[in-house]
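Asker: I'd like to ask you about the structure that follows.
Values quoted throughout were computed directly from the atomic coordinates according to the rules given, and no laboratory measurement underlies them. All values reported here derive from a predicted model rather than from experimental measurement. Because the Cβ atoms are built from the backbone with ideal geometry, glycine has one as well, and the counts that use them run over all protein chains shown.
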Amino acid sequence: MADDGDMFLNFEIGDAPIKQTVKYTGGRWRDRVKAQKGEKGGQTKQDSTARRDTGADYYANRGAKRQRTEDGESGRFSKTPRTSNPAERGPPPPPTHAMKTGLVSSRLFTSNPVPVTDFEELPQPEEAEPAQPSNAPLTAEAENFLNLGLSRRVSQHLATKLEMKAPTAIQKNTIPQLIKEDSDAFLQAETGSGKTLAYLLPIVHRILALSHNEDGTPKSTKVHRNSGLFAIILAPTRELCKQISVVLEKVLRCAPWLVCTTVIGGESKKSEKARIRKGVNILIATPGRLTDHLDNTKVLDVGTVRWLVLDEGDRMMEMGFEEDIRTIVGKIRAGELQKKNAEGVVLDGVLPSRRVTVLCSATMKMNVQKLGEISLEDAIHITASKSDMEKDAETGAVETAFSAPAQLKQAAIITPAKLRLVTLIALLKSTFARKGSVMKAIIFISCADSVDYHFELLKSTAPKPEPEPKPEGEAPTKPNIHIESTVAPATYITSPANPTVMLHKLHGSLAQPVRSATLKAFSECKDPAVLITTDISSRGLDVPAVELVIEYDPAFAVPDHVHRIGRTARAGRAGKAVLFLLPGSEEGYISILPKSTPIAPQLYDSILQKGFVTDINVPGTESGILETDRNSWASRAEALQLHFEQRLLAPAPGAANATPVFESKSEKFAASKQGKKGKAAAKKDTEDKKPDNPLLVSARQAFRSHIRAYATHVREERIYFDITALHLGHMAKAFGLREAPGGIGGGVSRRTHRPVQPGDKTNKTSKSVGDGTSTRKAKKDDDEKDYGAADEDAGRRMREKMKMMMGNMASEFNLG
Ligand SMILES: Nc1ncnc2c1ncn2[C@@H]1O[C@H](COP(=O)(O)OP(=O)(O)OP(=O)(O)O)[C@@H](O)[C@H]1O
């Protein structure tokens with residue numbers, strides 16, 4: 001679409017926050033007065049958090065009129081420069097190539113909202129004392145596993161084979177309790193503090209005690225895989241189940257006669273059933289799948305089950321597993337507790353004489369209390385700090401505070417919506433600027449569509465290199481088909497010093513083999529690696545080399561934020577978490593985040609400066625680098641944005657005669673206006689629409705899902721994430737779109753409308769998914785929100801916003 005200033009005036013205002021006061025400076029004075037009057041009648045005083053920038057940013061000297069005509073956003077900023085203007089931090093860069101050629105539809109650095117944070121007043125991050133790790137193992141001198149009551153066999157195995165000489169604080173407090181007592185327990189400790197082993201080790205120790213004495217000598221009783229199912233561990237995601245299973249398998253190498261297995265869906269129930277039938281002592285399962293087996297396959301005898309562990313209990317409740325958990329708890333409790341197993345081995349006395357439930361989480365939401373009511377009886381609250389536990393025991397109340405690991409460095413980047421994408425790339429570029437500086441990073445994004453889009457946008461478009469020929473007689477290595485669409489080089493964020501960075505994507509709409517293979521590829525990647533993901537990866541995921549977590553979209557609730565950032569700084573290691581926030585009300589969110597050290601808000605410009613200090617690699621171009629006529633970071637940022645926008649508008653093969661797909665009503669309007677100028681011009685424009693570029697389709701879909709997701713922040717936090725204050729036009733820019741596409745407020749289900757991506761579950765829109773479980777179940781085994789009909793409240797609010805926007809747009813058109 002041509003960059004018609006007038007047209008943009010109309011369209012951009014339509015995307016603006018509803019609360020914003022619009023000042024009209026273009027057109028005839030009569031129209032201006034009329035519009036201003038109309039505006040006064042309909043709007044309250046402008047919210048300070050939605051203030052517009054002066055438009056002076058980098059181009060202060062260029063005059064308001066010129067800006068208006070060039071960026072088409074006239075009338076929405078005052079003429080007084082503001083102090084937080086980045087231009088004051090250095091000389092304003094001259095017009096870039098993109099600006100001169102007129103190819104920029106709306107400039108990145110103008111008309112951005114101004115942060116409310118006074119950055120001058122803030123202490124510099126480096127001033128803060130480095131904190132001592134709070135989730136690290138204790139020193140071997142202070143404590144060891146043997147002293148906690150674990151058998152010599154297990155303790156030695158931990159020390160020699162797993163290189164764990166001393167327990168962590170939560171392990172120190174949990175292990176003796178679960179070995180000696182048969183009461184229910186609620187384990188609450190920071191992310192990465194070793195809760196998994198805290199509950200696994202006492203279980204293994206006690207099962208082992210059926211057949212072995214304390215000193216490791218065997219008893220006359222033999223225990224093997226058919227001796228009974230003794231423990232069931234439930235976790236919300238398949239990934240987490242697999243991870244727990246891997247940890248348990250490592251521990252069980254000291255007792256290879258004991259067997260654990262997983263039932264998690266994603267593979268045939270028949271094969272799961274066969275595995276259970278062969279005999280299993282510890283079962284790890286997702287609630288939906290376990291209920292299915294208990295209800296339908298009847299192979300599980302729960303009479304010998306002594307432990308039920310609910311790992312990440314609050315997440316399971318959040319995902320709608322309440323009914324399944326009730327069923328599981330009910331079925332386990334209903335069956336008679338067998339004092340002896342089928343072979344006559346006496347279980348009571350060695351194993352708990354009652355059924356023990358262990359609830360486990362780093363955070364606690366209200367729904368955990370509900371879960372506690374369903375599953376726990378007189379539970380003891382175990383935390384990492386003895387004094388907290390004593391306080392709880394005294395008061396009879398459970399302390400709800402939770403914290404991030406003390407050594408985790410946290411920062412917030414205040415970035416206007418338009419600059420989000422380039423700032424993200426700049427951050428990644430500077431992160432991976434040197435080889436070996438950071439090995440792995442995770443980027444959290446609110447929804448699967450947006451993950452798909454950002455992966456497609458950032459991955460290399462260059463054809464895959466041919467595999468190196470093998471010596472004669474040697475079979476060629478087979479490429480892993482499961483990761484073909486989820487792992488690719490990330491050219492844009494590489495540098496000459498660090499030429500290979502691998503990009504990965506993971507979300508709940510991918511088929512299970514793809515999910516497992518991608519996670520494995522990310523964990524085992526020897527090159528620096530980035531994982532773009534949804535909250536599917538926020539819980540429990542333990543990839544030790546993750547040094548950076550980026551919350552590109554803030555979490556939907558503070559506890560989720562704690563879990564996300566907890567993917568780094570695990571078991572005493574260092575880590576950094578960076579949160580992207582929009583200027584304005586989102587900045588207030590920092591005040592409610594748990595932090596051991598202050599979260600340092602930073603303005604985006606320093607990130608851009610650092611990231612775009614060198615050329616940007618661009619896949620598929622002749623020179624291999626992004627060309628700008630000036631070597632300034634600002635011009636690189638603009639050129640990169642333009643490059644993305646052009647990639648989106650590039651014609652898809654054979655699309656010239658296709659029916660145009662308009663991004664929004666305003667685009668349609670533009671086309672019809674063109675029509676008035678002449679049919680030939682209109683036809684050309686129509687052909688220029690490049691309708692079927694899959695990246696453009698993906699960008700629109702990602703944008704829509706993003707906006708819907710934005711509306712689903714928990715109620716208490718919506719004062720910071722106010723959908724009505726969101727500038728849709730600016731946000732569209734962060735998706736490489738020139739303006740916001742329509743169709744946001746329809747309340748349609750993301751899953752049914754999402755374009756199918758390679759590697760996606762094949763029949764997710766049909767009733768039956770994969771192995772015959774219902775769609776409802778398949779959804780529940782996934783761990784993402786469905787931003788569709790389910791969130792009627794969000795849909796309603798979006799519809800209201802769209803209605804008001806449309807109203808605004810219509811009145812704006814009258815000005816033209
Ligand atoms: N005693 C120990 N010594 C050394 N490393 C340990 C010890 N216990 C656990 N770890 C390591 O700490 C890491 C985190 O453990 P784990 O995944 O159990 O944490 P968590 O508390 O469950 O975290 P989250 O709440 O995020 O799920 C793992 O890599 C694990 O191997």
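Asker: Compute the signed sum of charges (Lys and Arg +1, Asp and Glu -1) over the other residues within less than 9 Å, Cβ to Cβ, of residue 183. Numbers along the way, then the final one.
Answerer: Details: positive: 354; negative: 181, 182, 184, 377, 378.
Here the charged neighbours net out to -4.
Asker: Let's test the formula: R0 of 56 Å, r as the Cβ-Cβ distance of residue 353 and residue 606. What FRET efficiency results, to the nearest 0.05?
Answerer: About 0.35, to the nearest 0.05.
Asker: In a shell of Cβ-Cβ distance under 12 Å around residue 497, excluding residue 497 itself, what net charge do Lys and Arg (+1) and Asp and Glu (-1) give?
Answerer: Counting the neighbours of residue 497, the net charge comes to +3.
Asker: Okay, which of segment 212-228 sit inside 16 Å, backbone N to the point 7 Å along the Cα-Cβ direction of residue 152?
Answerer: 212-219
Asker: Which value, in debye to the nearest 20, describes the size of the charge dipole of segment 498-586 about its Cα centre when Lys and Arg Cβ atoms bear +1, Asp and Glu Cβ atoms bear -1, and nothing else is charged? Walk me through the numbers on the way to the answer.
Answerer: Values: 10 positive and 9 negative charges, 60 e Å.
Computed about the Cα centre, the dipole is about 280 debye.
Asker: Something else about it: Taking 56 Å as R0, compute the FRET efficiency from the Cβ-Cβ separation of residue 526 and residue 718 and round it to 0.05.
Answerer: 0.85
Asker: So what are the ³J(HN,Hα) numbers for segment 634-649, from phi and the Karplus equation (6.51, -1.76, 1.60; θ = phi - 60°), rounded to whole Hz, Gly and Pro as x?
Answerer: Working through the residues one at a time gives 5, 5, 5, 4, 5, 5, 5, 4, 4, 4, 5, 4, 5, 4, 5, 8 Hz.
Asker: Stretch residue 623-residue 301 to full length: gain in nm at 0.36 nm per residue minus the Cα-Cα span?
Answerer: Answer, rounded to one decimal: 109.4 nm.
Asker: Given H placed 1.01 Å from N in the peptide plane, which residues other than close sequence neighbours of residue 443 have an amide H under 5 Å from its amide H?
Answerer: 531, 532, 533, 550
Asker: Once you charge only the Cβ atoms, +1 for Lys and Arg and -1 for Asp and Glu, what is the size of the charge dipole of segment 225-346 about its Cα centre, to the nearest 20 debye?
Answerer: Dipole size: approximately 640 debye.
Asker: So, in nm, how far is label residue 118 from label residue 461 when the simple model puts each one 7 Å beyond its Cα toward the Cβ?
Answerer: Distance between the two pseudo-spin positions: 4.7 nm.
Asker: Can you tell me which of 610-623, 529-542, 165-178 comes out highest on packing, and rank the rest after it, using the mean Cβ neighbours within 10 Å?
Answerer: Packing order, densest peptide first, comes out as 529-542, 165-178, 610-623.
Asker: Once the dipole of segment 552-616 is set up with Lys and Arg at +1 and Asp and Glu at -1 on Cβ about the Cα centre, which of 592, 603, 577 lies farthest towards its positive end?
Answerer: 577
Asker: In angstroms, what radius of gyration and Dmax does segment 117-276 have, counting Cα atoms only?
Answerer: In order Rg, Dmax, the Cα atoms of segment 117-276 give 19.6, 74 Å.
Asker: At residue 181 and residue 322, where each label point lies 7 Å from the Cα along Cα→Cβ, what is the point-to-point distance in nanometres?
Answerer: So the label points at residue 181 and residue 322 sit 2.9 nm apart.
Asker: Same structure again: Here are some pairs, 278/331; 172/222; 298/331; which of them have Cα atoms lying more than 19 Å apart in this structure?
Answerer: Violating the 19 Å Cα-Cα cut-off are 278/331; 172/222.
Asker: Now for a separate question. Compute for segment 524-620: radius of gyration divided by Kirkwood radius, i.e. Rg/Rh, restricted to C-alpha atoms, rounded to two decimals.
Answerer: 0.98
Asker: A further question on this structure: Kindly rank 352-362, 249-259, 195-205 from highest to lowest mean number of other beta carbons found within 10 Å of each residue.
Answerer: With the highest mean Cβ count within 10 Å placed first, the list reads 195-205, 352-362, 249-259.
Asker: Would you please put 549-558, 479-488, 334-343 in order of how densely packed they are, using the mean number of other Cβ atoms within 10 angstrom per residue and starting with the highest?
Answerer: Sorting 549-558, 479-488, 334-343 by mean packing, highest first, produces 549-558, 479-488, 334-343.
Asker: With a/c under 1.5 counting as rounded, go ahead and sort segment 134-223 into rounded, prolate or oblate using the C-alpha gyration tensor (a ≥ b ≥ c being the square roots of the eigenvalues; past the cut-off, prolate if a/b is larger than b/c, else oblate).
Answerer: It is oblate, given that a/c is not under 1.5 and a/b is not larger than b/c.
Asker: Same structure again: Quickly work out the residue 346-to-residue 385 label distance, labels modelled 7 Å from Cα along the C-beta direction, and quote it in nm with one decimal.
Answerer: Label at residue 385, label at residue 346, 4.4 nm between them.
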